[in-house]
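J.: Here it is: the structure, laid out below.
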Amino acid sequence: MMILRLALAVAISAYATAQPASTSSLVTYIFGDSLTEVGNNNYLQYSLARADFPYYGVDFSGGKATGRFTNGRTIGDIISTKLGIPSPPPYLSLSQNDDAFLSGINYASGGAGILNETGIYFIQRLTFNDQINCFKKSKEVIRAKIGDGAANKHVNDAMYFIGLGSNDYVNNFLQPFMADGQQYTHDEFVELLTSTLNNQLTTIYKLGARKVIFHGLGPLGCIPSQRVKSKTGMCLKRVNEWVLEFNSRTKKLLLDLNKRLPGAKFAFADTYPAVLDLINNPTHYGKYRKKKKTFAFALGVGYPNIPKRVENIYF
Ligand SMILES: *[C@@H]1O[C@H](CO)[C@@H](O)[C@H](O)[C@H]1NC(C)=O
């Protein structure tokens with residue numbers, strides 16, 4: 001999926017800024033939603049946000065669905081390959097005291113958001129707060145294995161990739177049957193998101209995270225579930241303006257955290273312009289095939305009536 005490659009380039013350059021050191025034994029922790037999930041929801045029996053059936057995974061090694069919400073690799077997989085390390089396994093696949101706890105973990109869960117209530121109609125998913133709790137438990141396992149000092153160094157030296165917020169729009173604020181869209185203006189909502197994120201990132205810092213890359217949101221006004229709301233199938237300008245507002249507020253938050261928290265190196269990976277250029281100029285990115293097998297991609301989940309004319313562009 002092209003979006004991932006573009007987002008990757010942005011993330012890697014943010015990474016280079018945040019961490020010039022050797023990457024030989026790099027440990028990574030991934031927090032996110034369906035864009036980065038590698039199979040946690042397979043372990044949640046009642047979750048409706050699933051990607052464990054065809055055609056998910058058809059282009060992935062083995063050709064089978066793994067719980068990734070894509071036909072191929074996720075951004076976490078691609079970044080791991082670029083860094084020369086294995087893609088970290090889903091947290092819920094690890095057994096207690098598994099040695100794999102020492103090699104990086106993926107906590108991402110389809111349907112998850114910054115807010116607890118986001119994606120509630122998927123019944124089960126690991127919200128960002130749940131994912132942070134899972135990281136806390138992981139750290140306890142690591143501490144039991146290698147001791148306090150080594151565990152602290154282990155988590156201080158690791159890289160953290162965080163990408164959440166899309167579902168707070170797509171599966172919360174923009175859903176007419178969810179309370180938040182009724183209750184809050186967008187100004188209030190973006191304030192709620194960034195103040196919640198402030199607490200969450202501070203918690204992750206206190207647990208030992210120092211080098212953190214936060215992936216900003218792409219142009220959500222251009223995904224099929226939003227385009228269907230316009231008569232002509234075009235991107236929703238207002239939604240894209242909201243996303244840009246979220247991105248700029250989050251970028252500022254990360255700068256504030258860097259000033260406030262000693263040793264923090266929080267970076268913002270701005271995927272928005274790269275993804276928008278892909279939408280506007282698909283032919284610049286290789287062969288643009290009109291007729292291709294179509295799959296339900298991340299964030300398209302739950303929206304079966306994706307119109308034909310946009311289905312190959314995205315998600
Ligand atoms: C969200 O859930 C966490 C537990 O995961 C809880 O501690 C917190 O108070 C909840 N936040 C709100 C605003 O309800």
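The values are calculated or read from the model by the stated rules, or taken from the named source; none is laboratory data. Since the structure is predicted, the reported quantities are computational estimates derived from the model, not experimental observations. Note that we place each Cβ from the backbone using ideal geometry, even for glycine, and neighbour counts take in every protein chain shown. Surface areas here come from the heavy atoms of the whole protein model, side chains and all, with no ligands, DNA or RNA. Shrake-Rupley method; radii C 1.70, N 1.55, O 1.52, S 1.80 Å.
J.: Take the conditions out of contact with any Leu (no Cβ under 9 Å at 6 or more places or on another chain), of a type outside the set (Ser, Thr, Tyr) and away from the ligand (no atom under 15 Å from the Cβ) and apply them to residue 175. Does it pass?
T.: The answer is yes for residue 175.
J.: Could you list all residues from the range 218-271 that are of a type in the set (Gly, Ala, Ser) and over 15 Å from residue 173 (Cα atoms)?
T.: 218, 230, 233, 248, 263, 264, 267, 269 - these are the residues of the range 218-271 that are of a type in the set (Gly, Ala, Ser) and over 15 Å from residue 173 (Cα atoms).
J.: Which of the residues spanning the range 95-109 are within 18 Å of residue 197 (Cα to Cα) and not aliphatic (A, V, I, L, M)?
T.: Across the range 95-109, the qualifying residues are 107, 109.
J.: Sticking with this one: Would you check which residues across the range 95-124 are within 12 Å of the ligand (Cβ to nearest atom) and either open to solvent by less than 10 Å² (accessible area, probe 1.4 Å) or in contact (Cβ under 8 Å) with a residue 60 or more places away in the chain (or both) and list them?
T.: Hits for the range 95-124 are 112, 113, 114, 115, 117, 118.
J.: Among the residues of the range 125-154, write down those that are aliphatic (A, V, I, L, M) and either in contact with a strand residue (DSSP E or B) (Cβ under 8 Å, 6 or more places away or on another chain) or crowded, with 24+ Cβ neighbours inside 10 Å (or both).
T.: Correct list: 126, 132.
J.: While we're looking at this one, here's another question. Only one residue in 143, 68 is in a helix (DSSP H, G or I) and either over 28 Å from residue 194 (Cβ atoms) or away from the ligand (no atom under 16 Å from the Cβ) (or both), so which one is that?
T.: From the options 143, 68, the qualifying one is 143.
J.: Would you confirm, using the coordinates I've provided, whether residue 187 is part of a helix (DSSP H, G or I) and closer than 30 Å to residue 102 by Cβ?
T.: no
J.: While we're here: Among the residues of the range 170-215, which ones are of a type in the set (Phe, Trp, Tyr) and buried (at least 21 other Cβ atoms within 10 Å of the Cβ)?
T.: Within the range 170-215, 173, 189, 214 qualify.
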